[in-house]
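Heads up, the thing below is written out as structure tokens.
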Amino acid sequence: MKIVAILRIKNEILVINKCLAKLSELVDEIIVLDNGSTDGTQNVYVNFPKITKILHTEGYDEGRDKVMLLDEARKTNPDWILWIDGDEVFEDSFSRKVIDIYMASSNSRIYFRMFNFWLSFERFRVDGPNYLYTLHPQRSMWRNTESAYFINTKMHNGDIQGITGKTYISPYRLKHYGYADAKKMKEKYDRYILEDNTGKRNYSHLDPNQPFKSIRFREYENVYVNMLYVYTFKYVCQVLWIIERLRLKLVKIF
């Protein structure tokens, strides 16, 4: 089966090589949309032959860019499509063999949990909104169906919509490095404040100067030890996610 990855990228020179190198191990084709990179990211793409198409846009519009990427991916007639951002890297133990198992399954969608590395390339944040964010699956790969779509809004339009059928939460994790570097984090924080004029969201939790709690992201070279670890981690997250969702429902009731 064929799987195509789509990425919306801007100024990710710190991690783009890691992202594309790992992704190249997993998928058949990569389609990139560069939203006006100026830090050298745009010069990296030539090093990855799995990249078959590069789109270009200017100005911040997340919905527009995702819709463009989805339309372009469909032209390649894939069986599955995977979406991540350029500052996200799958953990080392995730492989094409696992991808093939997922694609051959009866599932229509595979979810992945994402971990926000905070002012570090080794530790991810676990306090405040980041706790629930880590427990809740944030990214996915899905069967290529006509019903799939991205919400075409400028900001925070989330994951793919319109997928029906069975789903599965993968134990394999995504490392999100968007907040690992202080300068990069400040740029993202400032951009959200500038672009989001709705006043509905509070971005104080993204302030790089605030206190925080983090733990080390662990991966093990021994494949069996690592498999035991990732599955244990998955089901711990499942339990914590259920508890947290029940707690939030109780808060609304009372």
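Explain nothing, just the number: dipole magnitude of the chain about its Cα centre with +1 on each Lys and Arg Cβ and -1 on each Asp and Glu Cβ, in debye rounded to the nearest 20.
Here the chain has a charge dipole of around 860 debye.
Cα to Cα, under 15 Å, and not fewer than 8 places away if on the same chain: which aspartates and glutamates meet these conditions relative to LYS66?
Leaving aside aspartates and glutamates fewer than 8 places away in the same chain, those within reach of LYS66 are ASP34, GLU58, ASP85, ASP159.
How many angstrom lie between the Cα centre of region 33-82 and the Cα centre of region 127-178?
18
Out of residues 5 or more away from GLY36 or on other chains, whose amide H comes under 5 Å of its own, with H placed 1.01 Å from N in the peptide plane?
Under 5 Å from the amide H of GLY36 lie the amide H atoms of THR57, each far enough along the sequence or on another chain.
Once the dipole of the chain is set up with Lys and Arg at +1 and Asp and Glu at -1 on Cβ about the Cα centre, which of GLY165, ASN144, LEU119 lies farthest towards its positive end?
Farthest along the dipole direction, towards plus: GLY165.
Quick one: putting +1 on the C-beta of Lys and Arg, -1 on the C-beta of Asp and Glu, what dipole do you get for region 193-238 around its Cα centre, in Debye to the nearest 20?
200
Have a look at GLY86, GLY178, GLY59 and tell me which one the Gaussian network model of the chain (Cα, springs below 10 Å) gives the largest fluctuation.
GLY59
Which residue, PHE121, PHE212, PHE112, has the most motion in a Gaussian network model of the chain that connects Cα atoms within less than 10 Å?
Fluctuation is largest for PHE212.
Between TYR177, TYR220, VAL230, whose Cα lies farthest towards the positive end of the dipole of the chain when Lys and Arg beta carbons carry +1 and Asp and Glu beta carbons carry -1, centred on the Cα centre?
Farthest towards the positive end: VAL230.
With respect to the cross-link table entries LYS22/LYS186; LYS18/LYS183; LYS97/LYS183; LYS97/LYS188; LYS97/LYS184, which display a Cα-Cα separation exceeding 31 Å?
The answer is LYS97/LYS183; LYS97/LYS188; LYS97/LYS184.
Calculated from DSSP H runs of 4 or more alone, at -39500 (n - 2.57) each and per residue, what is the 222 nm mean residue ellipticity of the chain, nearest 500?
Mean residue ellipticity, 222 nm, calculated: -11000 deg cm²/dmol.
Could you calculate, for region 3-218, the ratio of the Cα radius of gyration to the Kirkwood radius, expressed as Rg to Rh?
0.94
Which of the listed residues, TYR192, ILE9, SER37, is farthest toward the dipole's positive end in the chain, when Lys, Arg count +1 and Asp, Glu count -1 at the beta-carbon?
Toward the positive end, the furthest listed residue is TYR192.
Any read-out appearing in this document is the output of simple, stated calculations on the displayed coordinates, not a laboratory observation. Fair warning: this is a prediction, and the values are worked out from it, not measured in the lab. Neighbour counts run over all protein chains shown; Cβ positions are idealised from the backbone, glycine included.
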